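The values are calculated or read from the model by the stated rules, or taken from the named source; none is laboratory data. Since this is a predicted model, take the numbers as computed values, not measurements. Note that each Cβ is placed from the backbone with ideal geometry, even for glycine, and that neighbours are counted across all protein chains shown.
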Amino acid sequence: MSVSFSNQPRRVLLLTGASRGIGHATVKRFQAAGWRVIACSRHPFPENCPWEAGAQDHIQVDLADPASTINAIEEVKQRLEGGVLHALVNNAGISPKGDNGARLSTIETSLETWQQVFQVNFFAPVMLARGLMDELERAKGSVVNVTSIAGMHVHPFAGSAYGTSKAALAALTREMAADFGRRGIRVNAIAPGEIDTAILSPGTDKIVAEIPMRRLGTTDEVAKIIYVLCTETSSYVNGAEIHINGGQHV
């Protein structure tokens with residue numbers, strides 16, 4: 001006997017950093033499963049983008065600007081029309097570089113850069129989760145923070161501000177899991193390693209040679225784990241950080 005799911009409400013995901021790489025793959029993964037995806041990015045919606053729902057489910061926001069982030073939260077609430085939010089994926093992140101793409105160390109990173117990186121990579125995720133807490137609670141929803149392999153070890157390409165912001169985001173995930181979990185909202189993190197995207201730095205091939213699986217990860221491999229953390233498959237997983245790095249640091 002077949003079972004129809006047509007009467008079930010469509011699940012909703014809010015995703016930051018949706019315009020490329022892991023974010024783009026995550027949109028495709030969730031849409032293929034029938035979810036509505038509200039995508040946030042710094043860029044306006046591209047007219048040639050094939051995503052279903054397109055512009056009406058796109059929000060342009062500068063997460064480096066707290067006021068813009070607050071406005072985006074209100075916009076999301078309006079678009080949900082008092083409904084629920086099943087998942088929030090904090091994927092947006094910035095990693096400024098020096099001249100010719102050079103890594104910025106603790107000595108070379110300006111205070112302004114530190115502040116900008118932490119606003120996008122650390123403060124924006126907790127602002128969004130707190131601002132949309134009621135919508136997440138009504139759905140018994142899930143928050144996924146995207147950290148990084150650079151938050152656990154000094155990375156040859158990722159700068160100090162990026163690495164420390166991702167380490168702080170991992171700690172924030174644990175704190176949020178303790179606080180939000182009491183409201184029925186699960187909070188977890190994924191920490192991607194070397195993933196095949198458009199922003200790979202020269203010299204990545206040397207890192208790949210040290211990875212047990214001897215290859216880069218794909219954006220879809222990351223998106224699949226994000227999807228699992230937003231569904232009942234992981235219903236008792238809370239406060240975890242899942243490493244997606246092919247065994248790079250075993």
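In table form, for the structure just shown:
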| read-out | value |
| --- | --- |
| Flag for Glu81 being over 18 Å from the mean Cα position of the chain (by Cα), more than 18 Å from Ala18 (Cβ to Cβ) and crowded, with 20+ Cβ neighbours inside 10 Å | no |
| Selection count, segment 129-174, where residues are of a type outside the set (A, V, I, L, M) and more than 30 Å from Arg103 (Cα to Cα) | 9 |
| Qualifying residue in segment 88-108 (condition: surrounded by 21 or more Cβ atoms within 10 Å (Cβ to Cβ) and over 18 Å from Ile149 (Cα atoms)) | yes |
| Of all residues in segment 224-250 being in contact with a His (Cβ under 9 Å, 6 or more places away or on another chain) and within 19 Å of Leu169 (Cα to Cα), the one that is modelled with the lowest pLDDT | His243 |
| Check on Thr233, polar (S, T, N, Q), in a helix (DSSP H, G or I) and surrounded by fewer than 20 Cβ atoms within 10 Å (Cβ to Cβ) | yes |
| Residue within segment 198-206 that is outside any loop (DSSP other than H, G, I, E, B) and either crowded, with 16+ Cβ neighbours inside 10 Å or at pLDDT 90 or above (or both) present | no |
| Given (1) at pLDDT 95 or above; (2) in a helix (DSSP H, G or I); (3) over 16 Å from Arg29 (Cβ atoms), number of the condition Asn188 does not satisfy | (2) |
